[in-house]
There are 2 protein chains.
Amino acid sequence: MLDPEIAGRVIAAVNERFDEQLAWTAELVRRPSLRTGEAGAQDLIEEALTGAGLDIDRWAIDSPELRAHQGYGPTTVDPAALENVVGTWHPPVERGRSLILNGHVDVVPTGPEEYWSRSPWDASVVDGWLYGRGSADMKAGIGANLFALTALRTAELRPTGRIHVQSVVEEECTGNGSLAALLRGYTADACVIPEPEDDKLVRANVGVLWFDVTVRGVPAHLRVMDTGQNAIDAAYTVMNDLRGLEAEWNRRKDRHRYFEDTEHPINFNFGVINGGDWPSSVPAQCTFTVRAAFYPGISAADAWAEIQETLAKSAARFDLPDAVVATPSGFFAEGYVLEEGSDAEAVLARSHERVFGSELESFTTPGYLDGRVFTLYGNMPCLVYGPVSEAIHGIDERVEVESIRRITTAIALFTAEWCGVEPQP
Amino acid sequence: MLDPEIAGRVIAAVNERFDEQLAWTAELVRRPSLRTGEAGAQDLIEEALTGAGLDIDRWAIDSPELRAHQGYGPTTVDPAALENVVGTWHPPVERGRSLILNGHVDVVPTGPEEYWSRSPWDASVVDGWLYGRGSADMKAGIGANLFALTALRTAELRPTGRIHVQSVVEEECTGNGSLAALLRGYTADACVIPEPEDDKLVRANVGVLWFDVTVRGVPAHLRVMDTGQNAIDAAYTVMNDLRGLEAEWNRRKDRHRYFEDTEHPINFNFGVINGGDWPSSVPAQCTFTVRAAFYPGISAADAWAEIQETLAKSAARFDLPDAVVATPSGFFAEGYVLEEGSDAEAVLARSHERVFGSELESFTTPGYLDGRVFTLYGNMPCLVYGPVSEAIHGIDERVEVESIRRITTAIALFTAEWCGVEPQP
């Protein structure tokens, strides 16, 4: 249990530095870090971690070990061009428990900017919300990790356990960033990831597959449309078959602990589609990309096999060789469950209650989380817990400012108790 | 009636020059003339027309008159960069009837080249067929026009009527090329277009509209997929509504002369689709392009109004402003009927019988033809009549070599009789 006097100093320190934290987070939002374009944002983070007295490790994530790992996501970009940044606090004498504070720096595309109320990159604060692409998912979390440590220094405390502050890439598409950090040797007694989780703790989440489906057609002139086979129409048929599998998987939710009460735990999304090359030709090809979820405890390979079975049945509808060809193109990632009863969760629960005055709730989320890397392959309890948000991956994404303050406070208190602190000499 | 001795000389002359014609046509196929890339093919045609002793007119098709014309197709490319070529034969004394020999030089995209048995641009002759994109549609026809005239010279004859040999652009997308030629002042007593029509004459064809439909969605993270609205899924709902209208229009075929016996006269094609920008985001936007047909006698504006009505009903399914926005993006073109009983058709029928030994058949085609320009706006009988083909707009497009020979012969005989001929001095 954390000494109440120390807790009070930590809380005061978070508040003292909070304007600075918010400004820094806004600056981070202003550096667009779309996939492969993360360098400018990583520069800012590296600079801040250096300023916080941490030892910097910045490296391109590619490696043969990464590519050979069962949790690796086949990637459509060059991983040699993508850099993780990790800042490490080494206590003079390591007496406390170690900790990873993880966050991802990559953000998803904005969608049509004209739908936004303001630029996705201007990071305005309006009515208590910080706006912008990545504001909630999850630059506020990266700021929370950084300023939780800053608060300890401000409170003239230093952790007695080793701490790695990670800013990883590829969380939105493959999960290869966190996996690369693990494979580089970063492990600890616990891990915190302040994803935007509405002030709650993630108990369980789904695995995710990304794959491209190319549906072939038979091009023809429209005057003989019946001799052709429209690949765009055919793609729709294949999508319907996948919707059938999605429904079947949702019907199975009773078999999966923590998912029984989730209304629609398994979501298949058709996220991108491109087909045809001429309005007056029956299109020869249509490709769409699917994001499919599956329950924890099922291997990605098994989920993929069941999807391929469905697609083979789709293909049999068409009298064409290679009528439907599917290729993994990103996440090949299993879901995980945070087992109840860990010390880490108990410490977080205490920290949360001190800040929020209410019990820490846990919940099941049907979205991908890098937590699977630490849980499944690093054998660490991973606490995914972060601020209140609206419209992540949507239009006018935003994060609640006061929620950032409270989450940062809770993480600072958690760190102080988990790692232990001693006076800054 | 053409003098049998003269007819015999013309037939012999076509045969004499046919190897040259085939080689020239293959060279034309080897010059890809995709939309906006027609210049190289037009160069070859201009050179050939010059060599045939014609006066050349080459001009960019854009003009205020063109853009203001009711048959103009709203274009997504700059018409100022697109050039028609017309070669004109002026007889020393104009005593015979005048003639337009029209063909379009633009070709549609190839689709995935890996589906082709050989390059779409190598113009091989295999088993009596000339292969390649545009071989049938309609570079063989351009060659037929040119070498029909060449045959007359070879037979030491010259036409006594004015002849315009037109190589136009934009037939595959807007019809603006032929329309621009008409507006430049080219008219005649009849017009021939050797489109690949299986040795038959087109009696009636459909009007065609091209339009882009942008369907809006509500982007969201997949963990809250139910708060989003997938624009790709929504696009398919809209497509289904359009399929409903297509079925309705097909049910009305009994009301339209020449279409009663066509099995499926009205084809709607979804030719291009693009949507979404991230597999794990519910897509905010999906755009598809439609080619829709409608019966002759219906104005493009009326057809468009009925389509817009259907799309408005689609839009009402979605609780979003601007849920479905449609914009004309090419053909805004009405269909036409070649009235029976014209002199031009009688002359063609005689020419055809002399070559084929069988009656000229006419038929109804559910495809767009530039014939509408000459018929509706130029008040000329327009004979769309050309060789046997396979897979136009498809994979391994090809045209039958002997059919080219016969069609060229029929056009040469038609020209001799229609315009009249006199000995070359």
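Suppose each label sits 7 Å from its Cα in the direction of the beta carbon; what would the B:Asn240-A:Ala247 distance come out to in nanometres?
1.1 nm
On the full set of protein chains, 1.4 Å probe, figure out the accessible area of B:Trp24 and give it in Å² to the nearest 10.
For B:Trp24, solvent-accessible area is about 40 Å².
So which trypsin sites (Lys or Arg not before Pro) in the range B:92-147 pass both tests, a DSSP loop state and at most 12 other Cβ atoms within 10 Å of the Cβ?
B:Arg95
Give me, ordered by chain and number, the residues 5 or more places off A:Trp129 or on other chains with an amide H under 5 Å from its own placed amide H.
Placed amide hydrogens put A:Val401 under 5 Å from A:Trp129.
For A:Thr75, tell me the accessible area in Å² from a 1.4 Å probe, rounded to the nearest 10.
Near enough 40 Å² of accessible area.
Going 7 Å from Cα along the Cα-Cβ axis for the label, what nanometre distances separate B:Glu339 from the same residue across the other copies?
When each copy's label point is compared with this one, the spacings are 9.0 nm.
How many nanometers, to one decimal and shortest first, lie between the label point of B:Gly297 and those of its other copies, if labels sit 7 Å from Cα toward Cβ?
Between copies, matching label points for B:Gly297 lie 6.8 nm apart.
With a 1.4 Å probe and every protein chain kept in, tell me what percent of the accessible surface of chain A is carbon plus sulfur. Walk me through the numbers before you get to the answer.
Numbers: 6820 of 14670 Å².
Percent of accessible area from carbon and sulfur atoms in chain A: 46.
Between the range A:20-37 and the range B:200-254, what is the separation of their alpha carbon centroids in Å?
Taking the Cα centre of the range B:200-254 as reference, the centre of the range A:20-37 is 40 Å away.
Can you give the FRET efficiency for A:Glu16 and A:Val77, using 1/(1 + (r/R0)^6), R0 = 35 Å, r = Cβ-Cβ distance, to the nearest 0.05?
Computed FRET efficiency for A:Glu16 and A:Val77 comes out at 0.30.
Hey, how many Å between the Cα centroid of the range A:327-364 and the Cα centroid of the range B:146-197?
Each part reduced to its Cα centre gives a spacing of 76 Å.
Ignoring ligands, DNA and RNA, what accessible area per residue does the range A:1-119 give at 1.4 Å, in Å²?
44 Å²
Enter the buried accessible area of the A/B pair, total of both sides, probe 1.4 Å, in Å² rounded to the nearest 100. Intermediate values should be presented prior to the final figure.
Values: alone 17230 and 17190 Å², together 29300 Å².
Answer for the A-B pair: about 5100 Å² buried.
Can you work out ³J(HN,Hα) from phi for every residue in the range A:115-129, in order, using Karplus 6.51 cos²θ - 1.76 cosθ + 1.60 and θ = phi - 60°, giving whole Hz and x for Gly and Pro?
7, 7, 6, 8, 4, x, 10, 8, 6, 6, 9, 10, 6, x, 10
List the distances, in nm to one decimal, from the label point of A:Asp43 to the label points of the same position in every other copy, shortest first, placing each label point 7 Å from Cα along the Cα-to-Cβ direction.
Reported distances to equivalent positions: 4.6 nm.
Starting from the range A:316-363, pick out the trypsin sites (Lys or Arg not before Pro) whose DSSP state is loop and whose Cβ has at most 15 other Cβ atoms within 10 Å.
A:Arg317
Under a point spin-label approximation (7 Å from Cα along Cα-to-Cβ), what is the B:Ala23-A:Arg58 distance to one decimal in nm?
6.5 nm
Name the residues of the range B:255-271, by number, that are at least 20 Å² less accessible with every protein chain in place than in the isolated chain; the surface is that of heavy atoms, probe 1.4 Å, without ligands or nucleic acids.
Residues passing the criterion (a loss of at least 20 Å², heavy atoms only) are B:Asn267, B:Asn269, B:Phe270, B:Gly271.
Taking a cut-off of 15 Å, what percent of all Cα-Cα pairs in the range A:73-124 are separated by more than that?
Values: 956 of 1326 pairs.
Cα-Cα pairs in the range A:73-124 separated by more than 15 Å: 72 percent.
Determine, from the Cβ-Cβ distance of A:Lys200 and B:Glu260 and an R0 of 56 Å, the FRET efficiency 1/(1 + (r/R0)^6), rounded to the nearest 0.05.
0.25
Please list 3J(HN,Hα) in residue order for the range B:154-159, calculated via the Karplus relation 6.51 cos²θ - 1.76 cosθ + 1.60 where θ = phi - 60°; whole Hz, with x for glycine and proline.
Once rounded to whole Hz, the list reads 4, 7, 6, 10, 9, x.
Ranked from the most accessible area to the least, with a 1.4 Å probe and all protein chains present, what is the order of A:Asp55, B:Asp127, B:Asp233?
Order by accessible area, largest first: B:Asp127, A:Asp55, B:Asp233.
With a sphere of radius 9 Å drawn around the Cβ of A:Pro120, what net charge do the other residues whose Cβ falls strictly inside it have (Lys, Arg +1; Asp, Glu -1)?
Spelling it out: positives minus negatives among the neighbours equals -2.
Given springs between every Cα pair under 10 Å in a Gaussian network model of chain A, which of A:Val384, A:Val355, A:Val169 has the largest fluctuation?
Checking each option, the largest mean-square fluctuation is seen for A:Val355.
Any idea how many Lys pairs in the protein assembly as shown come in under 26 angstrom at the alpha carbon, given 8 or more places apart or on separate chains?
Details: A:Lys139/A:Lys200; A:Lys200/A:Lys253; A:Lys253/A:Lys313; B:Lys139/B:Lys200; B:Lys200/B:Lys253; B:Lys253/B:Lys313.
Step by step, the pairs that qualify in the protein assembly as shown add up to 6.
At q = 0.18, 0.21, 0.23 Å⁻¹, what is the base-10 log of I(q)/I(0) for the range B:207-333 according to the Debye formula with one equal point scatterer per Cα and no solvent? Please give it to two decimals.
-0.91, -1.14, -1.30
Could you compute the FRET efficiency for B:Glu339 and B:Glu113, with r as their C-beta to C-beta distance and R0 at 51 Å, rounded to 0.05?
Efficiency, rounded to the nearest 0.05: 0.75.
Considering protein heavy atoms only and a 1.4 Å probe radius, which residues within the range A:93-110 exhibit an accessible-area decrease of no less than 40 Å² in the full assembly relative to the chain by itself?
Buried by 40 Å² or more upon assembly, which counts only protein chains, are A:Pro109.
Below 8 Å, C-alpha to C-alpha, sequence gap of six or more: please give me the relative contact order for the range A:362-402 in percent.
After rounding, I find 22 percent.
Could you state the accessible area per residue of the range A:207-333 in Å², with a 1.4 Å probe and every protein chain left in place?
Each residue of the range A:207-333 exposes 37 Å² on average to a 1.4 Å probe.
For the range A:216-232, state which residues have at least 40 Å² less accessible area in the presence of all protein chains than in their chain by itself, taking the probe as 1.4 Å and leaving out ligands, DNA and RNA.
A:Arg216, A:Pro219, A:His221, A:Leu222, A:Arg223, A:Met225, A:Ile232
The values are calculated or read from the model by the stated rules, or taken from the named source; none is laboratory data. Fair warning: this is a prediction, and the values are worked out from it, not measured in the lab. When we count neighbours, we look across all protein chains shown, and the Cβ atoms used for this are built from the backbone with ideal geometry, even at glycine. Surface areas here come from the heavy atoms of the whole protein model, side chains and all, with no ligands, DNA or RNA. Shrake-Rupley method; radii C 1.70, N 1.55, O 1.52, S 1.80 Å.
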